[in-house]
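The values are calculated or read from the model by the stated rules, or taken from the named source; none is laboratory data. All values reported here derive from a predicted model rather than from experimental measurement. A quick note on method: Cβ atoms are made from the backbone with ideal geometry, for glycine too, and the neighbour counts reach across all protein chains shown.
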Amino acid sequence: MMFRRVRGMGSQANAAAGGFASRVDGQSTEVAARAAQMISVAVRLMRIPTAVVGSLPVPFVLMTLVLGVLADGAVAFVILAFGIVMLAVSVAFWARRARVLAAVREPDQLATELAIMISLTDKVEETRGALSQIAGGEGWRLLTRLRGVWKGATMTGRWIEGVGDLPRAKYFGPPKIGTSVTLTVAALWLVPISIVVALFSLVGTIAGSI
């Protein structure tokens with residue numbers, strides 16, 4: 001039953017994308033193709049660096065959780081709370097990373113969806129101009145640049161709802177692009193924070209057992 005429901009949702013998304021495709025003009029297609037190539041290359045180049053950033057805090061997060069289980073009283077509650085929050089950030093980052101990487105596996109499909117995304121707005125020229133400004137971004141910096149250029153474009157609720165039907169392009173437009181940047185920044189901060197929290201948790205656990 002669940003498999004049929006997921007397949008049905010996928011079919012609906014494909015049907016919606018197919019319907020929107022007929023509205024795409026040649027200039028939007030050209031801009032989208034260039035943007036898709038830039039995005040695909042940048043994201044793939046960051047596959048290993050992002051894996052490193054995501055992996056570094058994992059031992060310290062697990063250490064914090066273990067110490068929280070071993071600690072007693074209020075100290076245990078505080079340590080576990082920090083550990084759960086850090087784990088949630090790490091899981092969210094890894095999940096978004098996987099989705100973004102999956103979105104660029106087929107650049108041609110991504111280009112088609114980006115062109116559709118342009119056509120969905122009430123101001124095609126404005127949106128097309130925003131998307132054409134991403135040249136020069138590198139790696140996850142590209143996501144930050146994308147978020148910046150979208151700020152100048154007018155996006156309606158209908159536009160955001162329509163973009164939700166595009167399984168690849170939706171990660172490079174509002175509102176998901178903002179979430180991706182936020183999770184990336186959080187993952188970077190998680191590296192030093194997890195080390196400090198793990199050390200304090202160790203001290204607290206030892207002090208509580210004396």
### Task
Would you confirm whether any residue within region 169-180 is at pLDDT 70 or above and over 12 Å from the mean Cα position of the chain (by Cα)?
no
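Across region 39-53, which residue is modelled with the highest pLDDT among those that are more than 23 Å from Asp165 (Cβ to Cβ) and crowded, with 19+ Cβ neighbours inside 10 Å?
So the residue we want is Thr50.
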### Message
Please go through (1) touching a residue at least 24 places away in the same chain (Cβ under 8 Å); (2) over 18 Å from Arg145 (Cα atoms); (3) among the basic types (Lys, Arg) for Arg96 and return the number of the only condition it doesn't satisfy.
### Response
(2)
### Query
What are the residue pairs meeting all of these: first residue in region 21-37, first residue of a type in the set (A, V, I, L, M, F, W, C), second residue surrounded by fewer than 14 Cβ atoms within 10 Å (Cβ to Cβ) and modelled with pLDDT of 75 or more, Cβ atoms under 8 Å, and 6 or more apart or on different chains?
Ala36/Asp108
### Message
Take the residues in region 173-190 that are closer than 19 Å to Ile118 by Cβ and of a type outside the set (A, V, I, L, M); name whichever of them is surrounded by the most Cβ atoms within 10 Å (Cβ to Cβ).
### Response
Gly173
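Residue by residue, here is whether (1) modelled with pLDDT of 80 or more; (2) in contact with a His (Cβ under 9 Å, 6 or more places away or on another chain); (3) within 18 Å of Arg96 (Cβ to Cβ) holds:
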{"residue": "Arg147", "(1), (2), (3)": "no, no, yes"}
{"residue": "Thr156", "(1), (2), (3)": "no, no, no"}
{"residue": "Pro167", "(1), (2), (3)": "yes, no, yes"}
{"residue": "Leu188", "(1), (2), (3)": "yes, no, yes"}
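Between Gly73, Gly26, which is within 24 Å of Val163 (Cα to Cα), modelled with pLDDT under 90 and small (Gly, Ala, Ser)?
Gly26
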